[in-house]
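Read the structure below first, then the notes.
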Amino acid sequence: MNEFSKILEELITLFQELTSIENIKLNAGRMNQVSAVEECMTKEQSLIMRLKGLDKAREKKQEELGFGGMRFQEILDRLSGTEKEALLIQFDSLSREIQMFQEVSEDAARIIEVNMRQLDKEIQKREGQLYENSGKEMKQDKHMTDRSV
């Protein structure tokens, strides 16, 4: 059970790191700092690989302990005493960290999406092809000295 507990602690720490990077990415997105956003995404990719490895280790250890395929609550229902109390604290902490990560990640994704739309509009303006939502090209006023038809 100690190895399982150790894996949970590593997952908690990993989600704290991911949340920290997401916060940096969110702020960089707000400030339109593209290179900082890209740097965060590179760091995230490495942490996600670690997450996959830890999750596989957790699944393997759960299987070894006879808890294969069980949700955390189901595992807790089968335990008692100090073991149950210790795991409950870890499960709650992990759940909280995952929730915080998801919230910050969603905020960062929204900011980046808005920035991309604004950038796309700016590119279209510069190309002189601003479109309506329906996809129809909008008529633009031509300067009176413009001889093109």
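The values are calculated or read from the model by the stated rules, or taken from the named source; none is laboratory data. All of these numbers come straight from a predicted model, not from anything done at the bench. Side chains are part of the model used for accessible areas, which takes the heavy atoms of the whole protein and leaves out ligands, DNA and RNA. Shrake-Rupley method; radii C 1.70, N 1.55, O 1.52, S 1.80 Å.
What 222 nm value per residue comes from the helices of the chain, counting each DSSP H run with n ≥ 4 as -39,500 (n - 2.57) and dividing by all residues, nearest 500 deg cm²/dmol?
-27500 deg cm²/dmol
Heavy-atom accessible area per residue, the chain, 1.4 Å probe: how many Å²?
74 Å²
Is the shape of region 44-84 rounded, prolate or oblate, going by the alpha carbon gyration tensor and its root eigenvalues a ≥ b ≥ c, with a/c under 1.5 for rounded and a/b larger than b/c for prolate?
Prolate.
For the chain, what Kirkwood radius comes out of the mean inverse Cα-Cα distance, in Å?
Kirkwood hydrodynamic radius for the chain: 19.1 Å.
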